[in-house]
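This report concerns only the one structure given below.
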Amino acid sequence: MTDTAPRHALYTVEQVRALDRRAIEVLGIPGFELMRRAAAAALASLRRHWPQARRIAVWCGPGNNGGDGYLLGALAKEAGYQVELVALSGQASGDALQARTAFEFAGGRVHRFDPTVPWPDADVHVDALYGSGLNRAPEAPVADLIQRINACGKPVLALDVPSGLNADLGTCPGVAVRAAVTVCFIAAKRGLHTGVAADHVGRLELDTLQLPASLWQDQPHDAELLRAIHLPPRPRVAHKGDNGHLLVIGGERGMAGAIRLCGEAALRSGAGLVSVATHDIHVPALNAGRPELMAHGVNGPQALAPLIDRADVLAVGPGLGQGAWGHALWLTALDSDRPLVLDADGLNLLAREPRRFERAAVLTPHPGEAARLLGVEIAAVQADRFAAARELARRHGAVVVLKGAGSLIAHPDGRLAVCPWGNPGMAAAGMGDVLAGVIAALLAQGTTAWEAACLGVGLHARAGDAAAAEAGERGLLAGDLFAPLRRLGNGLDHA
């Protein structure tokens, strides 16, 4: 059987190179044959996405990514395309040199890159410059070439990895190609699914090059993509007590919105009972706006303790503040034995007073909060989101959701999952409060912390995509997720 790679598995660049070597050395598939299959996959992708294209410009680097480009050029010429192929240098060796020879044998002419030569007139540009072989900023004049490709106004097909993008980390140390489509070969590279990669990969495809399933057997991978999982139906005899009692703690003066969003998201995600511990002044508004929430005014730990005793799970932090009131409630919640979700100021207080959890706990930091928890700059978190998420999980003994484009979920044991859904419209106030409520509701319904985080992040992101599909991304509100959250939780919407 072929083409049965673990398609939700994500690999580091070195792990993919090990698979490539295994295909050549153990399975006996020549490197040139793998290159030919990659070129055929790229041409098939080009035809699918731009069926009217007749002229292509292929930009080839000196390595094997350039070899893929040479063979794509040869196949395209045989298929009747007009191909202008530009090489960064006259140097090529090994399989790449054989590929260049094949292009020339097919009647192609290799043009040496010259920034003074007129720009190719093409319907589609093909990036075969560096692929995953570059982990530093491209230097001039290649950096100028990439900027010109990005600005030319024509779509770009990237082979394996958009050149300039770090395929391990999802970062761009300099300029990088902005592709409309990226066709990835053999296995999915983890960095293409998080961070700034979202602005560079375009539509991401994976082609396993017809390799047999035995290639991936017993071979390690680094992370996994979340899958769209539907929650099981409830027993017909279920009652509200079977679905968990969640206590949401937060809402400093002027922050009633955060606590309501969290609580209402928990209700829409299936929690049987949701209580809210907040300032007295917010109770009338909560009762009027969402009477299904059981709102309690608390002025300190003594008032909070009996509410904790009745709850199964705690969600701590939305609108909590870092003053004396919020700090006292935070301490009381963390000193209890209840499973919990920590968000917002719950995390900022944890940065000031670190602790390791011995019970089920989920932390949901954005990069700024993660930086405070780690004692580093935000740039350091974003420079290696995988390492940051794993270190936070290890340090605190908790499941960690590092939010952002391609949110990461890390387990203390090293497991890591990546969310493939979500959109820029979700970069809006209140979205984190909703996510905390979703995860806490799932935790209250009996899932493990890992399951609650993975399911919750997926439901939240898919709900955001469903809401954006209705009226666009700009102007999306956190509350717009409630209706699709309910549909998705009941398996009625496959967004």
Inside region 88-109, can you point out the residues that are buried (at least 16 other Cβ atoms within 10 Å of the Cβ), modelled with pLDDT of 90 or more and under 38 Å from the mean Cα position of the chain (by Cα)?
L88, D95, A96, Q98, A99, R100, F103
For region 225-272, which residues satisfy the criterion of being assigned to a helix (DSSP H, G or I) and open to solvent by 50 Å² or more (accessible area, probe 1.4 Å)?
K240, D242, R260, R268
Within region 313-337, the residues that are buried (at least 20 other Cβ atoms within 10 Å of the Cβ) and either in contact with a strand residue (DSSP E or B) (Cβ under 7 Å, 6 or more places away or on another chain) or not in a helix (DSSP H, G or I) (or both) are V313, L314, A315, V316, G317, P318, G319, L320, G321, L329, W330, A333
Can you confirm whether R474 is among the basic types (K, R), assigned to a helix (DSSP H, G or I) and surrounded by fewer than 24 Cβ atoms within 10 Å (Cβ to Cβ)?
no
Consider G491 carefully, then state whether it is open to solvent by less than 10 Å² (accessible area, probe 1.4 Å) and in contact with a Leu (Cβ under 9 Å, 6 or more places away or on another chain).
no
So is I281 in contact with a Pro (Cβ under 6 Å, 6 or more places away or on another chain) and either open to solvent by 30 Å² or more (accessible area, probe 1.4 Å) or of a type in the set (S, T, Y) (or both) or not?
no
Among A288, A258, which is the only one that is within 29 Å of the chain's Cα centre (by Cα) and of a type in the set (A, V, I, L, M)?
A258
For region 53-70, how many residues are closer than 20 Å to F32 by Cβ, of a type outside the set (D, E) and open to solvent by 10 Å² or more (accessible area, probe 1.4 Å)?
4
I'd like to know if region 285-296 contains one or more residues that are open to solvent by 40 Å² or more (accessible area, probe 1.4 Å), in a strand (DSSP E or B) and farther than 30 Å from L492 by Cβ.
yes
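Condition check ((1) on the phi < 0 side of the Ramachandran plot; (2) touching a Pro at 6+ places or on another chain (Cβ under 6 Å); (3) free of Cβ contacts under 8 Å to residues at least 60 places away in the same chain) across all residues:
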residue: A18; (1), (2), (3): yes, no, no
residue: G28; (1), (2), (3): no, no, yes
residue: L34; (1), (2), (3): yes, no, no
residue: A38; (1), (2), (3): yes, no, no
residue: L43; (1), (2), (3): yes, no, yes
residue: R54; (1), (2), (3): yes, no, no
residue: G66; (1), (2), (3): yes, no, no
residue: Y70; (1), (2), (3): yes, no, yes
residue: A76; (1), (2), (3): yes, no, yes
Unique residue being touching a helix residue (DSSP H, G or I) at 6+ places or on another chain (Cβ under 7 Å) and in a loop (DSSP other than H, G, I, E, B) when the list is V175, V183, V126:
V175
How many of the residues making up region 194-212 are touching a strand residue (DSSP E or B) at 6+ places or on another chain (Cβ under 7 Å), within 17 Å of G422 (Cβ to Cβ) and surrounded by fewer than 23 Cβ atoms within 10 Å (Cβ to Cβ)?
4
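Quick grid of which residues meet (1) surrounded by fewer than 20 Cβ atoms within 10 Å (Cβ to Cβ); (2) touching an Asp or Glu at 6+ places or on another chain (Cβ under 6 Å); (3) modelled with pLDDT of 95 or more:
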position	(1), (2), (3)
K154	yes, no, yes
L157	no, no, yes
A167	no, no, yes
P173	yes, no, no
K189	no, no, yes
Given the conditions (1) touching a residue at least 40 places away in the same chain (Cβ under 8 Å); (2) out of contact with any Ser or Thr (no Cβ under 9 Å at 6 or more places or on another chain); (3) buried (at least 22 other Cβ atoms within 10 Å of the Cβ); (4) under 21 Å from C152 (Cα atoms), every one holds for L85 apart from (1)
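The values are calculated or read from the model by the stated rules, or taken from the named source; none is laboratory data. Remember, it's a predicted structure, so these values are computed and weren't measured experimentally. Cβ sites come from the backbone with ideal geometry, for glycine too, and all protein chains shown count toward neighbours. Keep in mind that these areas ignore ligands, DNA and RNA; they rest on the heavy atoms of the full protein, side chains included. Shrake-Rupley method; radii C 1.70, N 1.55, O 1.52, S 1.80 Å.
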